[in-house]
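Notes for the one structure printed next.
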Amino acid sequence: MSIENELGRIASALELIAGSFDAASAVVNRVEVKAETKAADVETKEKAVEEKASKTEPPSLDDVVAALQKYIKANGRDAAVELLGKFGAKRASDIDEDKRADFVKEAS
């Protein structure tokens, strides 16, 4: 095999490798964009829960659950169990409607 043929074969292999890196980079970029979008969605939902908690009507059970999930993420399960206990509850659905706003506020 001549040197020209060998160099041509090496060049083709390098082009194939470069193409693979370009494809992998594109995938990484798409994943990063999706992660940023998801983080923005979560932040928007958290703000909506906080705004809703500040209104005069009592928060819904969904609001209480969302606040509890955020609290668990930030403080851990044991702290969440303790917080629920302060409101005489073992789970979010046990919290009286008239105490929901206080719970959401304390959990935030």
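Read-outs throughout are calculated quantities, based only on the coordinates presented, and are distinct from any laboratory measurement. Owing to the predicted nature of the structure, the values given are computational and were not obtained by experimental measurement. Don't worry about glycine lacking a Cβ; one is built from the backbone with ideal geometry, like all the others, and counts go over all protein chains shown.
Checking each residue in the stretch 1-13 for being surrounded by fewer than 10 Cβ atoms within 10 Å (Cβ to Cβ), in a helix (DSSP H, G or I) and among the aliphatic types (A, V, I, L, M) picks out only ILE3.
Quick check: anything in the stretch 33-49 surrounded by 12 or more Cβ atoms within 10 Å (Cβ to Cβ) and outside any helix (DSSP H, G or I)? Taking every residue of the stretch 33-49 in turn, none turns out to be surrounded by 12 or more Cβ atoms within 10 Å (Cβ to Cβ) and outside any helix (DSSP H, G or I).
When you scan the stretch 83-103, how many residues do you find that are aliphatic (A, V, I, L, M) and farther than 24 Å from LYS47 by Cβ? Lay out the reasoning, then the answer.
Within the stretch 83-103, the subset aliphatic (A, V, I, L, M) is 83-84, 89, 92, 95, 101.
Restricting the remaining residues to those that are farther than 24 Å from LYS47 by Cβ gives 89.
Of the residues in that region, 1 qualify.
Could you please tell me which pairs satisfy a Cβ distance under 6 Å, a separation of 6+ or placement on different chains, a first residue in the stretch 64-82 that is closer than 20 Å to GLU43 by Cα and touching a residue at least 60 places away in the same chain (Cβ under 8 Å), and a second residue that is part of a helix (DSSP H, G or I) and not acidic (Asp, Glu)? Sorted first by the residue in the stretch 64-82, then by its partner, the list stays empty.
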